[in-house]
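Student: Before anything else, here's the structure in question.
Values quoted throughout were computed directly from the atomic coordinates according to the rules given, and no laboratory measurement underlies them. Note that the coordinates shown come from a computational prediction; the quantities given were computed from them, not determined experimentally. Neighbour counts run over all protein chains shown; Cβ positions are idealised from the backbone, glycine included.
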Amino acid sequence: MKLFEYQAKQVFSEAKIPVPRGITAGPGEVTKAVGNIGLPCVLKAQVLQGGRGKAGLISVVRTEEEAVSEASRICSVPGVNLLLVEEFLSIQEELFVSVTCSPVTAELVILASRYGGIDIETLAEESPEKLIREPVDIFRGLQGFQARHIAYAMGLEGQAAKQTAGIIQRLFSLYREFDAELAEINPLCITESGEVTAGDAKLVIDDSCLDRHPQFTMRPEHFDDPTEYEAALEGIPYLKFDGDISLMCAGAGLTTAVFDLVHYQGGTVANYLEFGGPNYRKAMKAMELCLRNPSKVILVVTFGTIARADVMAQGIVDAVRELKPDRPVITCIRGTHEEEAVEILSQAGLEPLFDTEEAVRRAVAAAAGEVHV
Amino acid sequence: MSLFADTETRVLVQGITGKEGAFWSTHMITMGTRVAAGVTPGKEGQNLEGVRVYHSVRNALKEHEADASMIFVPPRFVKDAVFEALDGGIRKIVTVAEGIPLHDALEIRSAARSCGAQVIGGNTSGVISPGKAMMGMFPYWIKRVYTPGTVGIMTRSGSLTNEITAMVVSAGFGVSTLIGVGGDTVPGTRFAEMLPSFEADPETEAVVIIGELGGTMEEEVAEAIQDGIFTKPVAAFIGGRTAPEGKRMGHAGAIITGGKGSVQGKVKALEAAGVMTADRPSRMKDCLREMLGGTP
């Protein structure tokens with residue numbers, strides 16, 4: 001789960017990484033917050049997308065009137081409900097530091113550059129020598145000499161080098177402490193007065209470990225669509241699209257393959273929904289989520305092991321009885337106890353298909369309004 | 001002698017008394033796997049299908065010999081269980097749980113690499129050599145999927161494995177060994193790291209890779225083939241060709257970010273290395289027939 005900037009900055013601040021003075025404010029609280037922080041100051045929309053500067057979601061304001069009008073402009077952008085009001089920094093230089101991991105070597109990796117504040121992927125591609133990469137043994141952890149090496153390799157000197165090395169060590173510690181997938185500061189600012197401060201803060205926490213960090217909860221803002229949020233609360237992976245066919249499949253790999261097949265066949269997907277694994281008894285909820293969509297067909301494809309075919313077939317039959325879907329339901333349910341599944345579906349008047357590609361063809365035809373004979 | 005687990009391989013089961021552990025251990029034994037002993041802290045003295053249960057790996061290894069360990073514990077306990085198996089000198093480990101913390105997965109992979117152990121998983125069904133042995137959870141009784149043969153299979157996805165393997169069998173072939181490396185971002189063992197075993201395995205004539213968007217495992221296979229590490233024919237199915245960037249499609253590792261991990265890039269790399277790719281499951285039949293010759 002990606003944290004909002006203000007949440008990440010609070011974590012950084014508690015870990016003794018300097019951050020600008022700031023207060024969060026809703027649309028009606030901006031005047032008070034600005035009074036508290038002082039002018040000039042910066043208004044930053046608290047949204048999870050990147051590229052906020054280019055999208056006009058960050059604004060430097062110099063007067064109270066400007067603060068009010070800019071705040072109302074930014075808050076009128078869909079999805080913006082909260083601002084971070086921060087002290088204005090006179091910036092001399094923008095650096096970049098990041099902690100991530102390498103799945104291949106199983107090491108943690110510090111990435112750093114003197115040239116922060118810009119698209120770091122472009123920098124890595126066009127001038128790789130400007131990006132410093134320091135692997136860290138996960139058991140030994142980041143040593144002081146490594147942090148110092150990174151700071152000096154960035155070309156920093158004196159207090160700036162010392163402070164940056166310290167910040168890198170603290171960033172590494174919080175990466176471990178917070179079960180992070182990514183901890184990043186871009187830009188890490190050197191101010192006119194020579195202080196090193198986190199201009200932005202990015203922290204992504206491993207979804208498998210959210211219960212260890214209960215202060216951060218999944219919020220509707222983490223999702224593109226309210227139904228995606230509702231599905232996530234049930235633990236059901238769900239993505240909303242604009243097409244005709246609701247996928248109600250089991251297994252991430254198979255659902256993705258069916259998603260491709262629908263497109264190859266000229267169809268469109270209304271939603272990706274996967275109710276395999278621990279969710280295979282949740283057919284009712286899964287179908288309810290599919291029906292929340294104005295889709296034309298529900299396509300069920302499974303080939304499960306632990307997710308038993310008979311249990312899923314019964315779940316579908318019960319869901320159809322209870323929810324009375326206003327659109328065709330196409331079923332291709334295979335795997336453990338598939339013979340019983342065939343029986344259950346047939347008795348309920350649902351045709352048990354056995355071939356994935358045939359099921360996809362039927363769904364695309366049904367979505368196009370063709371009745372299959 | 002199948003690679004990884006054969007009828008002779010003595011398997012320890014950690015977490016043998018849990019609901020899933022007991023259910024699938026029983027199936028492992030029924031299928032012919034040699035389960036030597038079980039481990040569940042606090043349950044020493046119990047038994048499952050005649051297999052004795054011990055408090056710890058150390059206690060079990062005092063009375064039995066084991067070549068491999070099958071781990072059925074919940075995700076938060078996997079790291080401890082893997083380290084316990086490594087501590088006991090076991091160097092072949094399968095762990096199936098979904099939801100292993102990323103940092104634990106990194107520690108597991110790092111520890112395994114430094115002592116030359118193979119840890120398969122997590123977030124997988126495990127490993128099976130049909131007709132011989134299995135470490136994990138497979139509906140081996142479905143014969144249109146789990147028929148013995150000469151095609152080795154490596155996969156990131158359980159559900160898609162059944163789908164693609166059914167195509168392998170319907171094309172007239174069967175499976176030598178199937179390795180589920182799993183759907184996590186940091187699997188214990190990567191595709192390319194299994195290739196030397198498949199290369200050396202006399203029972204494997206060709207390998208099928210079932211991949212998906214995200215990560216670099218498929219590209220590493222292409223590289224290994226280019227480097228001459230693997231010389232047998234390879235076919236691949238990669239899911240997620242039409243997946244939009246930035247959307248995570250189910251598996252933790254299945255996401256395209258910053259333009260990296262796209263199926264198009266993987267297919268390009270694999271085809272440049274001479275791998276045949278199937279864009280839909282049914283085409284896997286044509287790939288295999290073309291590679292291995294004309295069974296009906």
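Student: Provide the percentage of antiparallel DSSP beta bridges, counting only those with both residues in chain A; round to the nearest 5.
Tutor: Details: 44 of 58 bridges.
Roughly 75 percent of the beta bridges in chain A run antiparallel, per DSSP.
Student: A follow-up question, please. What's the Cα-based Rg to Rh of the protein assembly as shown, Rh via Kirkwood?
Tutor: 1.00
Student: Taking the Cα centre of the protein assembly as shown as origin and charging only Cβ (+1 Lys, Arg; -1 Asp, Glu), how large is the dipole, in debye to the nearest 20?
Tutor: Charge dipole of the protein assembly as shown: 740 debye, to the nearest 20.
Student: Which of the residue pairs B:Lys143/B:Lys232; A:Lys285/B:Lys266; A:Lys240/B:Lys260; A:Lys285/B:Lys79 have a Cα-Cα distance greater than 29 Å in the structure shown?
Tutor: Violating the 29 Å Cα-Cα cut-off are A:Lys285/B:Lys266; A:Lys285/B:Lys79.
Student: Within the protein assembly as shown, what percent of beta bridges assigned by DSSP are antiparallel, to the nearest 5?
Tutor: 50
Student: Which whole number gives the average, over all residues in B:149-162, of C-beta atoms from other chains lying within 10 Å of the residue C-beta?
Tutor: Mean partner-chain Cβ count within 10 Å for B:149-162: 5.
Student: Also, I was wondering about something else. Using a Gaussian network for chain A with springs between C-alpha atoms less than 10 Å apart, which of these wobbles most: A:Arg52, A:Arg212, A:Arg114?
Tutor: A:Arg212
Student: Would you work out which of B:Asn162, B:Phe138, B:Phe83 lies farthest towards the positive end of the dipole of the range B:43-176? Charges go on Cβ: Lys and Arg +1, Asp and Glu -1.
Tutor: B:Asn162
Student: Same structure again: Mind putting a number on the dipole of the range A:223-367 about its Cα centre? Charges go on the C-beta only, +1 for Lys and Arg and -1 for Asp and Glu, and I need it in Debye to the nearest 20.
Tutor: Charge dipole of the range A:223-367: 180 debye, to the nearest 20.
Student: If you take the square roots of the eigenvalues of the alpha-carbon gyration tensor of the range B:142-296 and sort them as a ≥ b ≥ c, do you get rounded (a/c under 1.5), prolate (a/b over b/c) or oblate?
Tutor: The shape class here is prolate.
Student: Just check the range A:223-367 against the gyration tensor rule for me: Cα atoms, a ≥ b ≥ c as the square roots of the eigenvalues, rounded for a/c under 1.5, and otherwise prolate or oblate depending on whether a/b exceeds b/c.
Tutor: Rounded is the answer for the range A:223-367, as its axis ratio a/c remains below 1.5.
Student: Put +1 on the Cβ of each Lys and Arg and -1 on the Cβ of each Asp and Glu in chain B; which of B:Ala22, B:Pro187, B:Ala273 then has its Cα farthest toward the positive end of the dipole?
Tutor: B:Ala22
Student: I'd like the distance between the alpha-carbon centres of the range A:276-303 and the range B:174-196, rounded to an integer number of Å.
Tutor: 30
Student: Right, something else. Could you check which residue among B:Gly239, B:Gly89, B:Gly116 shows the biggest mean-square fluctuation in a GNM of chain B with a 10 Å Cα cutoff?
Tutor: Evaluated over chain B, the most mobile residue of the options is B:Gly116.
Student: If you don't mind, another one. Between B:Glu20 and B:Phe83, with labels modelled 7 Å along Cα→Cβ, what's the label distance in nm to one decimal, could you check?
Tutor: 2.2
Student: Along the charge dipole of the protein assembly as shown, Cβ charges K/R +1 and D/E -1, which of A:Ser173, B:Leu178, B:Gly250 sits furthest on the positive end?
Tutor: B:Leu178
Student: What trypsin sites (Lys or Arg not before Pro) in the range A:279-312 are in a loop by DSSP, with at most 16 other Cβ atoms within 10 Å of the Cβ?
Tutor: Sparse-neighbourhood loop trypsin sites (Lys or Arg not before Pro): A:Arg281.
Student: Sticking to Cα atoms, compute the Rg of chain B to one decimal and its Dmax as the biggest Cα-Cα distance, whole number, in Å.
Tutor: Final numbers for Rg and Dmax: 18.6, 56 Å.
Student: Right, something else. Based on the Cβ-Cβ distance of A:Ile91 and A:Arg176, what FRET efficiency does E = 1/(1 + (r/R0)^6) give at R0 = 30 Å, to the nearest 0.05?
Tutor: 0.55
Student: Follow-up. Which residues in the range A:36-61 have a backbone N closer than 20 Å to a point placed 7 Å from the Cα of A:Ser193 along the Cα-to-Cβ line?
Tutor: A:36-43, A:61
Student: Using the per-residue mean of other Cβ atoms lying within 10 Å as a proxy for protection, in what order, highest first, do the peptides A:72-80, A:340-348 fall?
Tutor: The packing order, highest mean first, is A:340-348, A:72-80.
Student: For chain B, what does the relative contact order come out to in percent, with C-alpha contacts under 8 Å and a separation of six or more?
Tutor: Value for chain B: 14 percent.
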